[in-house]
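Chemist: One structure, as structure tokens, below. Some questions next.
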Amino acid sequence: MYPEMSLVFLTVLAGAGQGMFILLVILDALFLKSGEVTPHFLMAAGIASLIFPLAGMAASFFHLGNPQRGWKAIFKWKQSWLSREVIFLPAFVGFQFLYLLLLYSGAPELYRLFAGFLGIVTAMGLYLSSAMLYAAIRFIKEWATALTPINFVLFGLTSGAAATAAAAHYTMPGMTIGYLLSYLVAFLAAFSLVMKGLAFQFNATVYSGISIKNALGMNNPHIRLMDTGTAYPHFNTKEYFFPLTRRQNGIQQTLVLGISFFLPLLMALYAAWNPALKLGGLFSTAAFLIVTGLILERRLFFIQGNHVQNLYYGNYRQNAVKNPATSKAKQGTPRPK
């Protein structure tokens, strides 16, 4: 049983494209006039940044039961993070295309950078919408944390920076920007390594006070489960519960940290300390490792989400963590029932 992989590919690939586009617009604004970046680099990196979210959008269609009705998701934009994501994604792609068109046609810098700025705004809106789809579900403690939106943005910037560095080393070999990007990739990979480690630690120690006695919104010691859900596999048992032993969880977490961040960190540091080498292939490999690792990370993120409805099927995972409200209380304080 696996989580919905179309959502995994959507969030990872679109996130990489968002990070890449944000960086190239910043480089355009700061360094194009001085000649430290070239239009050839901006075009190559821009096209690559456009391919990522388009591939993610293509994957997302496999998640829809009726793809022809998918556009109706925009109607609830005032209440739904999903609606906002559906709006921000095509808007972001549209501003990417407009930026590239203005760059190719040689339009005035002000128009191009304004389109790029709007692309950055929609990219950040898309990061927030995608992350809050999960962080806003307060009953899934592993998702309902500030680490979720922080890591969605951070991981997208990390993968985007590695891909941008690869494009810089291929199109502008020997130029200073490529080596500055090496340090940026190293910093983002190290930061991501720490933040994902904190997220794994949080998931291992998070306290969930949800049980059969209070899952209905009331806390009554007499509530008990009279009958468990059906035992045969169906939508609720396949989409909301993923068997994972402690050993399997540990192995997958180690793989995520190693492939996504630790190895790319070492590669970026090696590139920064050896500026005389041709590093396009090295950063292409680093970008591939980060994206591959993030696919594993996002899959594990979904698996570690502990859905309340699993109480009904007897699959709800309970961490061996004491209730902080009682464990830190003064001696003699009445315990909640």
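The values are calculated or read from the model by the stated rules, or taken from the named source; none is laboratory data. Since we're looking at a predicted model, the values are computed, not measured. Using ideal geometry, Cβ is built from the backbone for each residue, glycine included, and neighbour counts are taken over all protein chains shown.
Chemist: Could you please find all residues in region 270-282 being touching a Ser or Thr at 6+ places or on another chain (Cβ under 8 Å) and either part of a helix (DSSP H, G or I) or among the polar types (S, T, N, Q) (or both)?
Modeler: Passing the criteria: Ala271, Ala272.
Chemist: Let me ask something else about it. Determine whether region 161-180 contains at least one residue that is free of Cβ contacts under 8 Å to residues at least 40 places away in the same chain, over 21 Å from Gly258 (Cβ atoms) and part of a helix (DSSP H, G or I). Quick ask: steps written out before the conclusion?
Modeler: Keep residues of region 161-180 that are free of Cβ contacts under 8 Å to residues at least 40 places away in the same chain, which gives 174, 180.
Still in the list and also over 21 Å from Gly258 (Cβ atoms): 174, 180.
Still in the list and also part of a helix (DSSP H, G or I): 180.
The answer is yes, given that some residue of region 161-180 is free of Cβ contacts under 8 Å to residues at least 40 places away in the same chain, over 21 Å from Gly258 (Cβ atoms) and part of a helix (DSSP H, G or I).
Chemist: Restricting attention to region 34-53, and to residues there that are in a loop (DSSP other than H, G, I, E, B) and free of Cβ contacts under 8 Å to residues at least 40 places away in the same chain, which single residue is farthest from Phe288 (Cα to Cα)? Spell out how you get there, then give the answer.
Modeler: We begin by selecting, within region 34-53, every residue in a loop (DSSP other than H, G, I, E, B); these are 34-38.
After this cut, where a residue has to be free of Cβ contacts under 8 Å to residues at least 40 places away in the same chain as well, the list is 34-35.
Working: Ser34: 31, Gly35: 29 Å.
In this case the residue turns out to be Ser34.
Chemist: A follow-up question, please. Please work out which residue is surrounded by the fewest Cβ atoms within 10 Å (Cβ to Cβ), limiting yourself to region 190-209 and to residues that are assigned to a loop (DSSP other than H, G, I, E, B) and either in contact with a helix residue (DSSP H, G or I) (Cβ under 7 Å, 6 or more places away or on another chain) or among the polar types (S, T, N, Q) (or both). Walk me through how you get there before you give the answer.
Modeler: Taking region 190-209 first, the residues assigned to a loop (DSSP other than H, G, I, E, B) are 206-209.
Narrowing the set further to residues that are either in contact with a helix residue (DSSP H, G or I) (Cβ under 7 Å, 6 or more places away or on another chain) or among the polar types (S, T, N, Q) (or both) leaves 207-208.
Details: Tyr207: 14, Ser208: 17.
Here the residue is Tyr207.
Chemist: When Phe95 is evaluated against the numbered criteria (1) closer than 21 Å to Leu300 by Cβ; (2) at pLDDT 95 or above, which criterion, by number, is the only one it fails?
Modeler: (1)
Chemist: Checking Pro221 against (1) of a type outside the set (Lys, Arg); (2) outside any loop (DSSP other than H, G, I, E, B); (3) surrounded by fewer than 21 Cβ atoms within 10 Å (Cβ to Cβ), which test does it fail?
Modeler: Result: Pro221 passes all but (2).
Chemist: Another one. From Phe117, Phe187, Phe152, which residue is part of a helix (DSSP H, G or I) and within 24 Å of Ser6 (Cα to Cα)? I'd like the intermediate steps shown before the answer.
Modeler: On the way: Phe117 fails: within 24 Å of Ser6 (Cα to Cα); Phe187 fails: within 24 Å of Ser6 (Cα to Cα).
Just a single option satisfies the conditions, and that option is Phe152.
Chemist: Also, I was wondering about something else. Determine which member of the set Ser80, Ser49, Ser34, Ser60 is under 22 Å from Phe117 (Cα atoms) and either at pLDDT below 95 or more than 20 Å from the chain's Cα centre (by Cα) (or both). Can you show your working first?
Modeler: Numbers: Ser80 fails: under 22 Å from Phe117 (Cα atoms); Ser49 fails: either at pLDDT below 95 or more than 20 Å from the chain's Cα centre (by Cα) (or both); Ser60 fails: under 22 Å from Phe117 (Cα atoms).
Just one listed residue meets the conditions, Ser34.
Chemist: From the list Ile290, Ile251, Ile259, which one is modelled with pLDDT of 90 or more, part of a helix (DSSP H, G or I) and loosely packed, with under 12 Cβ neighbours inside 10 Å?
Modeler: Numbers: Ile290 fails: loosely packed, with under 12 Cβ neighbours inside 10 Å; Ile259 fails: loosely packed, with under 12 Cβ neighbours inside 10 Å.
Being modelled with pLDDT of 90 or more, part of a helix (DSSP H, G or I) and loosely packed, with under 12 Cβ neighbours inside 10 Å holds for just one of Ile290, Ile251, Ile259, which is Ile251.
Chemist: Answer yes or no: is there a residue in region 39-46 that is surrounded by fewer than 22 Cβ atoms within 10 Å (Cβ to Cβ), of a type in the set (A, V, I, L, M, F, W, C), within 22 Å of Gly94 (Cβ to Cβ) and over 13 Å from the mean Cα position of the chain (by Cα).
Modeler: From region 39-46, those surrounded by fewer than 22 Cβ atoms within 10 Å (Cβ to Cβ) are 39-40, 43-44; that's our starting set.
Next, from what is left, pick out any that are of a type in the set (A, V, I, L, M, F, W, C): 43-44.
Still in the running and within 22 Å of Gly94 (Cβ to Cβ): 43-44.
Narrowing the set further to residues that are over 13 Å from the mean Cα position of the chain (by Cα) leaves 43-44.
Within region 39-46, one or more residues are surrounded by fewer than 22 Cβ atoms within 10 Å (Cβ to Cβ), of a type in the set (A, V, I, L, M, F, W, C), within 22 Å of Gly94 (Cβ to Cβ) and over 13 Å from the mean Cα position of the chain (by Cα).
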